[in-house]
Amino acid sequence: MVVPSLKLQDLIEEIRGAKTQAQEREVIQKECAHIRASFRDGDPVHRHRQLAKLLYVHMLGYPAHFGQMECLKLIASSRFTDKRVGYLGAMLLLDERHDAHLLITNSIKNDLSQGIQPVQGLALCTLSTMGSAEMCRDLAPEVEKLLLQPSPYVRKKAILTAVHMIRKVPELSSVFLPPCAQLLHERHHGILLGTITLITELCERSPAALRHFRKVVPQLVHILRTLVTMGYSTEHSISGVSDPFLQVQILRLLRILGRNHEESSETMNDLLAQVATNTDTSRNAGNAVLFETVLTIMDIRSAAGLRVLAVNILGRFLLNSDRNIRYVALTSLLRLVQSDHSAVQRHRPTVVECLRETDASLSRRALELSLALVNSSNVRAMMQELQAFLESCPPDLRADCASGILLAAERFAPTKRWHIDTILHVLTTAGTHVRDDAVANLTQLIGGAQELHAYSVRRLYNALAEDISQQPLVQVAAWCIGEYGDLLLAGNCEEIEPLQVDEEEVLALLEKVLQSHMSLPATRGYALTALMKLSTRLCGDNNRIRQVVSIYGSCLDVELQQRAVEYDTLFRKYDHMRAAILEKMPLVERDGPQADEEAKESKEAAQLSEAAPVPTEPQASQLLDLLDLLDGASGDVQHPPPLDPSPGGALIHLLDLPCVPPPPAPIPDLKVFEREGVQLNLSFIRPPENPALLLITVTATNFSEGDVTHFICQAAVPKSLQLQLQAPSGNTVPARGGLPITQLFRILNPNKAPLRLKLRLTYDHFHQSVQEIFEVNNLPVESWQ
Amino acid sequence: MIKAILIFNNHGKPRLSKFYQPYGEDTQQQIIRETFHLVSKRDENVCNFLEGGLLIGGSDNKLIYRHYATLYFVFCVDSSESELGILDLIQVFVETLDKCFENVCELDLIFHVDKVHNILAEMVMGGMVLETNMNEIVTQIDAQNKLEKSEADK
């Protein structure tokens, strides 16, 4: 008995009837079994209905891959009904990752060249949604033909398909560039919209196309002017504005064409002024056009008066009651803040107002813009606002706000005390959201401000006494109390009211931190070390401290235990050294962001070399003879020198204070070769995070009167090291100091064996071929130790 | 460029999902869930713009949405699109649906999701705006439906 298949609506009805997720799954699985059977049987009449049902359950998240082949069959059918569902299925189920997708290329080709208009439309739509690069290459000629067809319906679709094709296969730009000029003369809005999109895509991809299309600027101005001055027409108007979508696209293209180009900017100046002043801003459509106009004015070489007008329009929009307008205004101002900083500064009060918005999208934009507007003259006022914001802002903005405040404070702090206060406030308000280096930064800052030691330690003590849960704050406070405990107890500090603190209170507080379950292991370490330091700063006897230290000698945390045991030993056996070891810290040279930059650069260099191709076989075989020569001479791998234990050494290692270790001194460059004005230089980098790695940059320069060509540099190292040569930047060095060739060598030296390097150079110079083989002498020791 | 167009109801059940960039099926469902999660948290009188979730491309992309009764219409776009323009586009889309379905409601979208796809295909193609003139779109849809009908009658 043949059960008639469900219509799509009936299936949907059934699914909606299911009371639970499990029931729904059951209904759908049953139906999918029917559909599978129907596909197997190959029923052509109901195939489109079966696929439609499959697409529906696919939207709900159920597997539908077994329908892929059916899409092909439906597309190949002659019925429009079949093709419609088949093409939709192709768009939803097939994409370039499935091999099957190429199979519809032929059907699309037939439909494009012989189909009726609706069918051509379906084919173009599908091609523009899921067409892969191969499909686009195959079908470009068909699409090109359709660009010039009489029917606007097909033409507008063909134009947008062309945009997609250029995105997939950039070389097709040359095919689709010529028709653009003619298409711009069409009256049909759909065609114009597509053409402007196409021209925009072409200009964004190629500077040559950009130059080419500058000549249509007058045409574009004309089209836009017609739209703007045209009377009310029902055809394309949205809330009384004629085709705002087309206006916005034209304005965007004008922006691209007018950027950095005086003549084009001149041509559009008047029109932009006209649009800026005459657009009706009572409805969204007008505002969309106006915003685009403002962005264009600011991006091109426009007259000063026009720029002022534009920024004022944005300022006005900041006060608009419509939140969407305020959002777009904030976003636009953020784009302008780099280029027109003083103009945007004028609107600072309004921007700061927006921080108080309850709408999270708006307050996020306002935060970004506020941070960008901080400068040395408004920093105090802005920080007040931002700190107030930090106290009440939504949790997902806290981290950004905190780090923004800290960065701005670092750049613009008027006084050290203000800086310390600001960081302190951030740590108290949003301690858990600050970046890891905030603790190090603050201790560095305090350490460097000698006149503020008393003030800092007092403030930190008060903050700690109130709340020991915010870890970064606790860590800094513990460190300070340890370092400057004597100042804390001395009691006199003009800047805040005198507070009598006695020793027992201080010790009790640190013990509280040690015992609290909220303290991280790192924090406990700080507290313990601080207690230890206080043993030399305080006047009383050290029994309490000694007690605590010995208790922690059996702590389960290994790090803490080690510290405690060693401090205990310090008390018992090395008491005469205690005072010297626990002296106040000298200020450590912190490179801070610089060290980060270096590490980042070497990371990038390492990543770049990863991306560059490794040299191929022939080079390797030529290297072998070099390797032999090298290995014959070298001895065994040297063992690294044994570590030399010293009694005080282990303890000093413990007093491991929160400062960034000094970066390794840079290794000096080495000139290794010179012949008739051609020089070869080596520069060395050892990235700190990977001690076995050595990066050598070889630079070949040419100060002679003749070019160096066919330059090849090969290298060999001892067998225990690994060498990787990256592709050189080129093989020609022009004469008289022309652009040098650089090449990166990566050497892995995990055993720290002594580095030996043999180089072989071949090049042509002064019509002679030169070959040089030599070992590099005087390699700096820091390159391998 | 428009990366995706999603319609789902107040409980997150998808009523239409169209992606203009290749995403795996699982990713598509995750994107729908993530987008619903972000959009449903919004109050009624806040702006219609949100940063995109991680799956759809993070802060380079935006979610522009409109809430009509029981349905959310969400367009996920990148930074090249005009935010206010997309808001108008959503409005045009809904008005066109209204014209084609005569006072459209959620049930129409549920039972005729293939027709909604066809209408959308006349407005947005390959992630780009194709046509915004409602009359042209409706004329085309009518012609195509007639064609289907005549084939069914044969």
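The values are calculated or read from the model by the stated rules, or taken from the named source; none is laboratory data. Source: prediction; values computed, not measured. A quick note on method: Cβ atoms are made from the backbone with ideal geometry, for glycine too, and the neighbour counts reach across all protein chains shown.
Of the residues B:E95, B:E106, only one is charged (D, E, K, R), farther than 22 Å from A:I250 by Cβ and touching a residue at least 60 places away in the same chain (Cβ under 8 Å); which?
Among B:E95, B:E106, only B:E106 is charged (D, E, K, R), farther than 22 Å from A:I250 by Cβ and touching a residue at least 60 places away in the same chain (Cβ under 8 Å).
Give the number of residues within the stretch B:25-45 that are facing chain A (nearest Cβ under 8 Å) and exposed (fewer than 11 other Cβ atoms within 10 Å of the Cβ).
Number of matching residues: 2.
In the stretch A:118-180, which helices (runs of 4 or more DSSP H) lie fully inside it and hold 1 or more residues that are among the charged types (D, E, K, R)?
The helices (runs of 4 or more DSSP H) meeting that bar are A:133-146, A:152-168.
With the structure loaded, tell me whether A:R365 is out of contact with any Ser or Thr (no Cβ under 9 Å at 6 or more places or on another chain), of a type in the set (K, R), within 11 Å of chain B (Cβ to nearest Cβ) and crowded, with 18+ Cβ neighbours inside 10 Å or whether it fails that test.
Considered against the rule, which asks whether it is out of contact with any Ser or Thr (no Cβ under 9 Å at 6 or more places or on another chain), of a type in the set (K, R), within 11 Å of chain B (Cβ to nearest Cβ) and crowded, with 18+ Cβ neighbours inside 10 Å, A:R365 comes out as no.
Given (1) part of a helix (DSSP H, G or I); (2) at the interface with another protein chain (Cβ under 10 Å from one of its Cβ atoms); (3) under 37 Å from the mean Cα position of the chain (by Cα), identify the lone condition not met by A:L102.
It is condition (2) that A:L102 fails.
Which of the following residues is closer than 29 Å to B:Q144 by Cα and acidic (D, E): A:E171, A:E186?
Numbers: A:E171 fails: closer than 29 Å to B:Q144 by Cα.
After ruling out the rest, the residue left standing is A:E186.
On the given criteria, is A:P150 more than 13 Å from chain B (Cβ to nearest Cβ) and either within 20 Å of B:M134 (Cα to Cα) or in contact with a helix residue (DSSP H, G or I) (Cβ under 9 Å, 6 or more places away or on another chain) (or both)?
Here the answer is no, as A:P150 does not meet what is asked.
Let's see how each residue does on (1) in contact with an Asp or Glu (Cβ under 9 Å, 6 or more places away or on another chain); (2) in contact (Cβ under 8 Å) with a residue 12 or more places away in the chain:
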| site | (1), (2) |
| --- | --- |
| A:T358 | yes, no |
| A:S361 | yes, yes |
| A:S370 | yes, yes |
| A:S376 | no, yes |
| A:Q387 | no, yes |
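Please pick out the residue among A:L54, A:L74 that is crowded, with 17+ Cβ neighbours inside 10 Å, touching a helix residue (DSSP H, G or I) at 6+ places or on another chain (Cβ under 8 Å), under 19 Å from B:K13 (Cα atoms) and more than 7 Å from chain B (Cβ to nearest Cβ).
A:L54
How about the stretch A:81-99: which of its residues are within 8 Å of another protein chain (Cβ to nearest Cβ) and surrounded by fewer than 18 Cβ atoms within 10 Å (Cβ to Cβ)?
Listed by number, the residues that qualify are A:E96, A:R97.
For A:R255, are the conditions met, namely being within 14 Å of chain B (Cβ to nearest Cβ) and not aliphatic (A, V, I, L, M)?
yes
Please determine, by comparing only the residues of the stretch A:57-71 that are at the interface with chain B (Cβ under 9 Å from one of its Cβ atoms) and of a type in the set (A, V, I, L, M, F, W, C), which one is surrounded by the fewest Cβ atoms within 10 Å (Cβ to Cβ).
Looking at residues that are at the interface with chain B (Cβ under 9 Å from one of its Cβ atoms) and of a type in the set (A, V, I, L, M, F, W, C), I get A:L60.
Taking the condition of being exposed (fewer than 15 other Cβ atoms within 10 Å of the Cβ) and modelled with pLDDT of 65 or more, how many residues in the stretch A:645-675 meet it?
Total meeting the criteria: 7.
Residues that are in contact with an Asp or Glu (Cβ under 8 Å, 6 or more places away or on another chain), surrounded by 20 or more Cβ atoms within 10 Å (Cβ to Cβ) and within 12 Å of another protein chain (Cβ to nearest Cβ): list the strands (runs of 3 or more DSSP E) wholly contained in the stretch B:47-154 that include at least 3 such residues.
Where strands (runs of 3 or more DSSP E) fall fully within the stretch B:47-154 and carry at least 3 residues being in contact with an Asp or Glu (Cβ under 8 Å, 6 or more places away or on another chain), surrounded by 20 or more Cβ atoms within 10 Å (Cβ to Cβ) and within 12 Å of another protein chain (Cβ to nearest Cβ), they are B:61-68.
Could you look through the stretch A:186-195, keep only residues that are assigned to a helix (DSSP H, G or I) and within 18 Å of A:V143 (Cβ to Cβ), and pick out the one that is farthest from the other protein chains (Cβ to nearest Cβ)? It would help to see each step written out before you state the result.
If we filter the stretch A:186-195 for residues that are assigned to a helix (DSSP H, G or I), which is where we start, we get A:189-195.
In the following step, the residues that additionally are within 18 Å of A:V143 (Cβ to Cβ) were identified as A:190-191, A:193-195.
Working: A:G190: 5, A:I191: 10, A:L193: 7, A:G194: 7, A:T195: 12 Å.
Per the stated criteria, the residue is A:T195.
Among the residues of the stretch B:60-84, write down those that are free of Cβ contacts under 8 Å to residues at least 40 places away in the same chain and of a type outside the set (S, T, Y). Step through it out loud before you land on a result.
Taking the stretch B:60-84 as the starting set, the residues that turn out to be free of Cβ contacts under 8 Å to residues at least 40 places away in the same chain are B:60, B:62-69, B:79, B:82-84.
Within the stretch B:60-84, B:D60, B:K62, B:L63, B:I64, B:R66, B:H67, B:A69, B:E83, B:L84 qualify.
Of the residues A:I104, A:I116, which is modelled with pLDDT under 95 and surrounded by 22 or more Cβ atoms within 10 Å (Cβ to Cβ)?
Exactly one residue qualifies, and that residue is A:I104.
Any idea which of A:R301, A:R316, A:R323 is touching a residue at least 40 places away in the same chain (Cβ under 8 Å) and out of contact with any His (no Cβ under 6 Å at 6 or more places or on another chain)?
Of A:R301, A:R316, A:R323, the one residue that is touching a residue at least 40 places away in the same chain (Cβ under 8 Å) and out of contact with any His (no Cβ under 6 Å at 6 or more places or on another chain) is A:R301.
Of all residues in the stretch A:111-147, count the ones that are farther than 26 Å from A:R79 by Cβ and either within 35 Å of the chain's Cα centre (by Cα) or within 14 Å of another protein chain (Cβ to nearest Cβ) (or both).
Residues meeting the conditions: 5.
Being touching a residue at least 12 places away in the same chain (Cβ under 8 Å) and over 32 Å from the mean Cα position of the chain (by Cα) is the requirement here; does A:S242 meet it?
Answer is yes for this residue.
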